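Written out below as structure tokens is the structure these notes cover.
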Amino acid sequence: MATPFQVLIVGAGSAGLAAAILLHKTLSKHSIPFQISIYELRSGPATLGGAINLTPNAIKLLDHIGVFKDLETTGCTVKTIEMISSRSLKPLGDLTFGDIDRYGANSLRIARKDLQGALLAKVAELGIQVSFDKRLENIQQTPNDITAVFADGTSVTGDILLGCDGTHSAVRKCIDPGRKPVYTGLSNTYSYVDPKDLSALPIKDTSAIVQCRVGSLLLTWSTPSKSEKLFWAAVMEVAAPADLSKDGWKSMGDDVVKMKQRVKDTYCSERDPQMGFFADLLEQTKDDVYFYPVWKLEMSEKWWEGRCLLLGDAAHAMPPLAQGVGLAVEDAALFDRLLNAHIEKAKEANSGEINMKEVPWENISQKLVKIRTPRIKKDYDRSVGGFEGLKDKGWFAAMLKDWLVWFYLWAVGVKFDEAFKYDVLKESLD
């Protein structure tokens, strides 16, 4: 009996779980004996994380994977995001974030843990094993296989390894140790609150961004009721701690009282007297408050080495600007399509037979990076530029932003329109 084709996936986030589900479908379709194994650093399924925005391109892929039906009744449908001035709380315009006729789907605001839960449930349904508390230490490759070595002394050998372990990827450290995350100088503080007085909120529909001189404040419903679990996320300039290790950042985030006061001082000062409603929301916030430094990776086409390939944030982390999940799942879907195309071509040339030992992994990885780079670069430039614009540039620049918001909304709207229409399942593989 032939040895099963072994797929190793490091990271149980959106990219890793989506890749596992898609590869299971493709390998099963071709009757190839296989085993897919996922290894996650954390000790169990993530319970942290805020309310993420699943854009139309992400929704269509999640529907293709078979998990959207489990999400649509949990999150809040988003069609537009309002832009509001912190100086007056008056609307400045809005961004279209969903249109079934135009994009085939609306956006959906949902808790990150609910998305991971739906993907994990699908993985379990397919019988794919997920091993938690597995910290990767090293990767060893030969011409015929690849081995992942873990901190607990265990190791596992497979035919390919997908690095889907996020911004601080341990897999990337093994194949591209010089490319390290760069702190943007901005951090995000966020939580959920059940507002006592809905009439005091400036949100007219589901989501709003309050444009401020210093930073940016997101307010959005994350459940269908639009009356509970209002998610707030405050982006601010925060100097890096003296201790740049994970422990240094953790100590900053652990001081919740101090962090909430900093948010209040930033957004509810005398220069923005209309923002008293947010001070009230901070007082009403009983859920845990989280602190998240915003990182980026410098753009690079070094996503692979031999039988190892990076997907999602491990390959192209950028400041969050709505497209993170969409880009990660697109990576997984394109890899699956490229592998499927090779299998079909090889079977046609060999009377229906396929030898998985002869798959040209480097050629597939090169093609994936070539196809993905233009799209990733557009989103990277938009997200990095957008976050740079959140830094304090003075009172005049803040007023100028309000006056010129129409141009910003038009320019960003054009780019989002292109991004939301994109369908990786129709992308040319030539």
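The values are calculated or read from the model by the stated rules, or taken from the named source; none is laboratory data. Since this is a predicted model, take the numbers as computed values, not measurements. Virtual Cβ from ideal backbone geometry, glycine too; neighbours counted across all protein chains shown.
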Inset, instruction - Would you please name the residue that is farthest from the chain's Cα centre (by Cα), looking only at residues in region 83-116 that are part of a helix (DSSP H, G or I) and aliphatic (A, V, I, L, M)? - result: ILE100
Inset, instruction - Taking ILE9 as the residue in question, decide whether it is buried (at least 16 other Cβ atoms within 10 Å of the Cβ), within 27 Å of ARG172 (Cβ to Cβ) and within 14 Å of the chain's Cα centre (by Cα). - result: no
Inset, instruction - Would you be able to say whether some residue in region 224-237 is within 15 Å of SER187 (Cβ to Cβ), among the small types (Gly, Ala, Ser) and modelled with pLDDT of 85 or more? - result: yes
Legend entry - Options ASN106, ASN144, ASN53, ASN138; residue that is touching a strand residue (DSSP E or B) at 6+ places or on another chain (Cβ under 7 Å) and either surrounded by fewer than 16 Cβ atoms within 10 Å (Cβ to Cβ) or among the aromatic types (Phe, Trp, Tyr) (or both): ASN138
Legend entry - Criterion violated by ASP194 - all others in (1) under 22 Å from the mean Cα position of the chain (by Cα); (2) surrounded by fewer than 19 Cβ atoms within 10 Å (Cβ to Cβ); (3) acidic (Asp, Glu) satisfied: (1)
Legend entry - Residue ID - nearest to the chain's Cα centre (by Cα), chosen from residues in region 12-37 that are over 21 Å from LEU62 (Cα atoms) and in contact (Cβ under 8 Å) with a residue 12 or more places away in the chain: GLN35
Legend entry - Lone unmet requirement of (1) of a type in the set (D, E, K, R); (2) more than 27 Å from THR167 (Cα to Cα); (3) modelled with pLDDT of 85 or more for ASP272: (3)
Inset, instruction - Might you check whether a residue that is out of contact with any helix residue (DSSP H, G or I) (no Cβ under 9 Å at 6 or more places or on another chain), part of a loop (DSSP other than H, G, I, E, B) and within 23 Å of VAL325 (Cα to Cα) occurs anywhere in region 137-145? - result: no
Inset, instruction - Kindly establish whether GLU228 is in a helix (DSSP H, G or I) and among the acidic types (Asp, Glu). - result: no
Inset, instruction - Quick one: GLU301 ticks every box in (1) part of a loop (DSSP other than H, G, I, E, B); (2) surrounded by 18 or more Cβ atoms within 10 Å (Cβ to Cβ) except a single one, so which number is it? - result: (2)
Legend entry - Out of ILE203, ILE209, sole residue that is assigned to a strand (DSSP E or B) and surrounded by 15 or more Cβ atoms within 10 Å (Cβ to Cβ): ILE209
Legend entry - LEU62 buried (at least 23 other Cβ atoms within 10 Å of the Cβ), under 14 Å from the mean Cα position of the chain (by Cα) and over 24 Å from GLU418 (Cα atoms): no
Legend entry - Number of positions in region 57-82 that are more than 23 Å from ALA208 (Cβ to Cβ) and either without any contact (Cβ under 8 Å) to a residue 12 or more places away in the chain or assigned to a helix (DSSP H, G or I) (or both): 9
Legend entry - Lone unmet requirement of (1) in contact with a helix residue (DSSP H, G or I) (Cβ under 9 Å, 6 or more places away or on another chain); (2) of a type in the set (Ser, Thr, Tyr); (3) buried (at least 18 other Cβ atoms within 10 Å of the Cβ) for THR80: (1)
Inset, instruction - Have a look at LEU119, LEU162 and point out the one that is under 17 Å from the mean Cα position of the chain (by Cα) and either among the small types (Gly, Ala, Ser) or part of a helix (DSSP H, G or I) (or both). - result: LEU119
Legend entry - Residues of region 307-335 satisfying the condition of being touching a Gly at 6+ places or on another chain (Cβ under 6 Å) and surrounded by fewer than 23 Cβ atoms within 10 Å (Cβ to Cβ): LEU321
Legend entry - Cβ-Cβ under 6 Å pairs, at least 6 apart or on other chains, region 188-208 side closer than 22 Å to LEU92 by Cβ and touching a residue at least 12 places away in the same chain (Cβ under 8 Å), far side of a type in the set (A, V, I, L, M) and part of a loop (DSSP other than H, G, I, E, B): PRO202/LEU89
Inset, instruction - Output the qualifying pairs, or none if there are none: Cβ atoms under 7 angstrom, residues six or more apart or on different chains, first residue in region 371-400 and modelled with pLDDT of 80 or more, second residue of a type outside the set (D, E, K, R) and part of a helix (DSSP H, G or I). - result: ILE371/LEU334; ARG372/LEU334; ILE376/HIS316; ILE376/LEU327; ASP379/LEU327; ASP379/ALA419; TYR380/HIS316
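Table: residues versus (1) part of a loop (DSSP other than H, G, I, E, B); (2) within 26 Å of the chain's Cα centre (by Cα).
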{"residue": "LEU321", "(1), (2)": "yes, yes"}
{"residue": "GLU330", "(1), (2)": "no, yes"}
{"residue": "PHE335", "(1), (2)": "no, yes"}
{"residue": "LYS345", "(1), (2)": "no, no"}
{"residue": "LYS370", "(1), (2)": "no, yes"}
Legend entry - Residue satisfying condition, being assigned to a helix (DSSP H, G or I), modelled with pLDDT under 90, under 22 Å from ILE52 (Cα atoms) and among the charged types (D, E, K, R), within set LYS260, LYS264: LYS260
Inset, instruction - Could you tell me which residue of region 401-430 is modelled with the lowest pLDDT, considering only residues that are in a helix (DSSP H, G or I) and among the small types (Gly, Ala, Ser)? - result: GLY413
